[in-house]
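Here is the structure we will look at.
The values are calculated or read from the model by the stated rules, or taken from the named source; none is laboratory data. Here the structure is a predicted model, which means the values were calculated and not measured. Backbone-built Cβ (ideal geometry, glycine too); neighbour counts: all protein chains shown.
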Amino acid sequence: MSLMASSRRKGSRARQRLILFLAAFSFLAVAAALVIFALRDNFQFFVTPSQVSERGIAPGQRIRLGGAVEHGSFTRADDGLTLHFSITDGVAGLPVRYKGLLPDLFREGQCVIAEGALDEGGIFTATSVLAKHDENYVPPEVAASMAQSGGGMDCSDFAQPAEEARAS
Amino acid sequence: MDMHKYANPARFNKLADAILPWSLGLMALAFGTGLYLSLFASPADYQQGEMVRMMYIHVPNAVLAQGVYVFIALASAVSLIWKHPLADLSAKAAAPIGAVFTVLALVTGAIWGKPTWGAWWVWDARLTSVLILLFLYFGYMAIWQAMENETRAAKAAAILALVGAINIPIIKFSVEWWNTLHQGASILRLDGPAIHPDMLWPLFTMMAGLVAYFVTVLLWRIKAEMAARKVQNLRYSRAAG
């Protein structure tokens, strides 16, 4: 009899702890969600060309500019070292000037992230350029046949964050 | 099923000894075929070339780094709520394994990132949240080391593990909520995996091998931990007697 009572008491204690745990964890989850929501802009790694004009980012302010290297925009200056290309998010584009090494994956259509600042003439002067790799993993033959059938694998994941930023 | 019956060390040891040959065998088989498939019998990537082979090590470690943490968090909840003696023991035993997976994910990612992105490390949301995961593992292990009283250490460590569990969805969705240098999800995404089947199967084989490795080492570590507690109890009772 007393054994049954003690086991029932044990069960109700476990239930109390379960309720306490669920309550504490929900509060914690809500708190974390609020912090993340409040700081959402600070977690962004780069800004897109549309966001640069929307936010009126001043010349000289250091930013990371992300987007696709526009097709047909890549040129090399006569000194053989200075590179010019445009970064676009499909809506807006910005001309970029860069003097330095490019990652192996750099090519027209590729997503890149350039770190630097706008100069007075509205040209983005980059001090480093990183290539973004997409989530697709395919053998070369498959990629070639996909490109032929029109399903190119160019950088496409920039339009969406720009739209979200405008909506908010 | 009454889970409390596995709190009996003899019964648990029997169960572990029955599982161990199988998990060891699966581990050898999966790593053997997985390494052959991923290093020799799978194609190079259309833009990364041979660097894609880093994925077969990086992705399983990154997935398991989070998986082991989820295991620790669940075990900690069971330990706090139902006071199952095996729960905090298995959480404690799992932590160093998960920490090693996290270190390997970070190191292989850096080795891949330098030639692919052009940088060993950047402070984007994905990389930073995984670094925080590593610090959570260190903090969890430090609490166990720092407190003399096992019961109090178990409680403090369990609370830390559960608070830190908030970081797991942040890691998973970091590449969707924010723009990052790290690419988006390749496997768990709405329109199916973005990895060609010729590369996906070697990856799954390596993942199975790492899961079997985790199960094997976890069981060994729990057995060792149980033996250590037994020795300590004997010492206490001798000192008392």
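Data overview
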| item | result |
| --- | --- |
| Subset of region B:72-117 [assigned to a loop (DSSP other than H, G, I, E, B), surrounded by fewer than 22 Cβ atoms within 10 Å (Cβ to Cβ) and either on the phi < 0 side of the Ramachandran plot or in contact with a strand residue (DSSP E or B) (Cβ under 6 Å, 6 or more places away or on another chain) (or both)] | B:His84 |
| Counted residues, region B:223-241 - those being in contact with a helix residue (DSSP H, G or I) (Cβ under 6 Å, 6 or more places away or on another chain) and exposed (fewer than 10 other Cβ atoms within 10 Å of the Cβ) | 0 |
| Residue match in region A:80-98 (condition: assigned to a loop (DSSP other than H, G, I, E, B), of a type in the set (Asp, Glu) and under 20 Å from B:Thr116 (Cβ atoms)) | no |
| Every residue from region B:165-188 that is more than 21 Å from the chain's Cα centre (by Cα) and within 30 Å of B:Gly32 (Cβ to Cβ) | B:Gln183 |
| Looking only at region A:34-53, and only at residues there that are assigned to a loop (DSSP other than H, G, I, E, B) and out of contact with any strand residue (DSSP E or B) (no Cβ under 7 Å at 6 or more places or on another chain), the one that is nearest to A:Gly116 (Cα to Cα) | A:Gln44 |
| Residue within region A:111-130 that is crowded, with 21+ Cβ neighbours inside 10 Å, at pLDDT 60 or above and in contact with a His (Cβ under 7 Å, 6 or more places away or on another chain) present | no |
| From A:Ser149, A:Ser156, residue being within 12 Å of chain B (Cβ to nearest Cβ) and modelled with pLDDT under 80 | A:Ser156 |
| Subset of region A:113-141 that is facing chain B (nearest Cβ under 9 Å) and outside any loop (DSSP other than H, G, I, E, B) - its residue that is farthest from A:Thr88 (Cα to Cα) | A:Glu141 |
| Residues that are more than 9 Å from chain A (Cβ to nearest Cβ) and among the aromatic types (Phe, Trp, Tyr), drawn from region B:154-188 | B:Phe173 |
| Candidate set from region B:24-43 (those that are touching a helix residue (DSSP H, G or I) at 6+ places or on another chain (Cβ under 6 Å) and part of a loop (DSSP other than H, G, I, E, B)); member that is farthest from the other protein chains (Cβ to nearest Cβ) | B:Ser42 |
